[in-house]
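See structure below.
The values are calculated or read from the model by the stated rules, or taken from the named source; none is laboratory data. This is a predicted model, so every value here is computed, not measured. Cβ placement follows ideal geometry from the backbone for every residue including glycine, while neighbour counts extend to all protein chains displayed.
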Amino acid sequence: MALTGVEIFKLLPKTNCKKCGFPTCLAFAMKLAQRQASLDLCPDVSEEARQKLGEASAPPVRPITFGTGDKAVKMGEETVLFRHDKRFVNPCAFALEIKDTGDDINSRIEEVMNSEIERVGQKLRVDAIALMNDSNDAGKFETAAKIIAQKAPDVPVIICSGNPLAAEAAVKLFADKKPIIYGANLENAETMANVAKTYKTTLGVTANNIDELSSLTEKIKSFGVQDMVIDSGARKAKEILQDNTFIRRAAVKKNFKPLGYPVITFAQREDSLMEALLGTIGVAKYSSIIVLSSIEKWKNLALFTLRQNLYTDPQVPMQVEQKIYKIGEPSPTSPLLITTNFSLTYFIVSGEVENSKVPSYLAVMDSEGLSVLTAWAAGKFTAAKIAQFIKDSGVENTVSHRELIIPGYVAILSGSIEDKLEGWKVTVGPREANGIPAFLRSKS
Ligand code: SF4
């Protein structure tokens with residue numbers, strides 16, 4: 001049962017020393033009760049109190065990591081239902097299913113390995129492989145697992161089998177790679193729990209409904225397994241939305257421990273568009289792992305973009321450093337463009353300049369992470385500020401010409417920039433970034 005703020009306060013040192021960053025112990029206790037602060041911030045809390053408070057300050061969704069190294073996937077730790085309350089913590093992972101009956105195991109591994117793209121400065125990829133024991137044969141499963149272990153040694157793996165013998169045959173191959181064994185159910189719970197305990201892995205638990213799931217996780221916990229990912233059995237869009245919302249709400253609002261685990265969603269469909277739609281429900285509504293049957297580039301891009309947008313901090317605009325960026329190998333006569341430091345703006349504009357194959361300088365001005373029009377409307381991308389930035393940047397020593405290309409959306413600023421930036425000519429560029437390549441080529 002979660003402790004109230006006052007109950008937590010009684011266990012704190014009550015010296016109001018402020019070392020935790022809060023003005024009083026009571027204020028800190030209230031934040032702890034809301035799970036918006038970590039107990040570690042108070043250096044003076046006693047060991048006895050720490051134990052009692054451990055549960056109260058633990059995140060309602062258990063933190064779990066699977067895989068190791070750079071590609072390890074962190075899950076759980078979520079504390080809110082809505083992103084506007086506080087940012088979501090750990091982005092959901094996408095996993096491609098690979099069937100042990102398939103004759104395309106090698107090519108599907110390659111697809112996962114080659115799925116990485118870069119978007120607004122972040123590397124995005126399909127995170128894991130879900131190996132499915134469709135054959136229900138331990139030998140076949142082990143053979144498929146061997147291929148994955150050999151060809152994709154650093155990709156996190158979910159071993160999906162309800163057959164404890166097959167699960168054990170496969171998990172041995174990934175013993176030091178923190179895989180997930182998925183497939184514990186009412187019938188095999190104890191045996192699967194023993195396999196998970198032996199190999200110190202997270203256990204995926206599946207049930208026919210939420211009631212069954214919550215009693216199953218308690219049962220498995222009593223066998224000594226703490227780390228679980230859970231599946232209510234939902235497969236249709238409506239059920240996934242309903243069950244995932246219920247699970248998150250129970251964990252976050254009621255601190256209901258039997259459902260306080262990351263959720264795994266199986267979204268596989270023959271119709272790839274339908275699968276992408278189910279994937280979007282999982283991304284938006286609380287899945288920590290989404291298993292897909294195919295990873296076409298269009299689908300990846302849609303799901304990656306949605307995930308990236310939902311898991312950024314809404315209170316912190318994504319921005320890049322203010323400076324003069326070189327694109328290609330520009331010379332003193334190369335064009336000089338200017339834009340704002342909103343990440344998306346920067347990456348789109350710099351990408352289009354690159355596409356033009358015209359080496360250029362791109363002056364990126366601090367607009368507190370706002371896009372061009374918003375920054376202009378907010379008075380952060382004005383003629384005076386642009387002129388000052390160009391003077392301060394030292395670009396006058398870098399380029400031999402005096403021509404500045406401004407975004408078409410702020411054409412209205414051209415005259416006043418020229419007034420403030422003596423000796424410079426201001427040229428109005430395209431309104432949309434996709435017009436930049438033709439524009440730059442026409443000038444060179
Ligand atoms: Fe109270 Fe600990 Fe914060 Fe000091 S650091 S104000 S003792 S909660």
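Numbers for the structure displayed
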item	result
Flag for residue 360 being farther than 15 Å from residue 341 by Cβ, at pLDDT 95 or above and either loosely packed, with under 14 Cβ neighbours inside 10 Å or not assigned by TED's automatic domain parsing to the domain that holds residue 341 (or both)	no
Criterion: surrounded by 20 or more Cβ atoms within 10 Å (Cβ to Cβ), assigned to a helix (DSSP H, G or I) and at pLDDT 95 or above - qualifying residue of 405, 417	417
Residues of the stretch 242-252 that turn out to be crowded, with 20+ Cβ neighbours inside 10 Å and of a type outside the set (S, T, N, Q), as a count	5
Given (1) surrounded by fewer than 17 Cβ atoms within 10 Å (Cβ to Cβ); (2) modelled with pLDDT under 90; (3) more than 16 Å from the ligand (Cβ to nearest atom), index of the condition residue 70 fails	(2)
Filter result for the condition that a residue is in contact (Cβ under 8 Å) with a residue 24 or more places away in the chain, part of a helix (DSSP H, G or I) and more than 19 Å from residue 428 (Cβ to Cβ), over 354, 368, 396	354
Residue satisfying all of: in the stretch 3-30; hydroxyl-bearing (Ser, Thr, Tyr) and near the ligand (Cβ under 10 Å from one of its atoms); surrounded by the fewest Cβ atoms within 10 Å (Cβ to Cβ) among these	15
Residue in the stretch 45-55 that is outside the structural domain of residue 125 (by TED's automatic domain parsing), of a type in the set (Val, Ile, Thr) and in contact (Cβ under 8 Å) with a residue 12 or more places away in the chain present	yes
Out of 306, 337, 259, sole residue that is assigned by TED's automatic domain parsing to the domain that holds residue 98, surrounded by 14 or more Cβ atoms within 10 Å (Cβ to Cβ) and touching a residue at least 40 places away in the same chain (Cβ under 8 Å)	259
Within the stretch 284-301, considering residues that are buried (at least 24 other Cβ atoms within 10 Å of the Cβ) and either β-branched (Val, Ile, Thr) or assigned to a loop (DSSP other than H, G, I, E, B) (or both), the one farthest from the chain's Cα centre (by Cα)	291
Matching residues, the stretch 389-400, being under 15 Å from residue 363 (Cα atoms) and not charged (D, E, K, R)	389, 390, 393, 394, 395, 397, 398, 399
Tabulated pairs, the stretch 11-29, first on the phi > 0 side of the Ramachandran plot and assigned to a loop (DSSP other than H, G, I, E, B), second polar (S, T, N, Q) and within 7 Å of the ligand (Cβ to nearest atom), C-beta under 7 angstrom, 6+ apart or interchain	16/24
Residue selected from the stretch 31-51 under the condition in contact with a Pro (Cβ under 7 Å, 6 or more places away or on another chain) and within 11 Å of the ligand (Cβ to nearest atom), by the criterion modelled with the highest pLDDT	44
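Results for (1) surrounded by fewer than 15 Cβ atoms within 10 Å (Cβ to Cβ); (2) touching a Phe, Trp or Tyr at 6+ places or on another chain (Cβ under 6 Å); (3) under 13 Å from residue 61 (Cα atoms), shown as yes or no for each residue.
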| site | (1), (2), (3) |
| --- | --- |
| 240 | no, no, no |
| 254 | yes, no, yes |
| 267 | no, no, no |
| 271 | yes, no, no |
| 274 | yes, no, no |
| 278 | no, no, no |
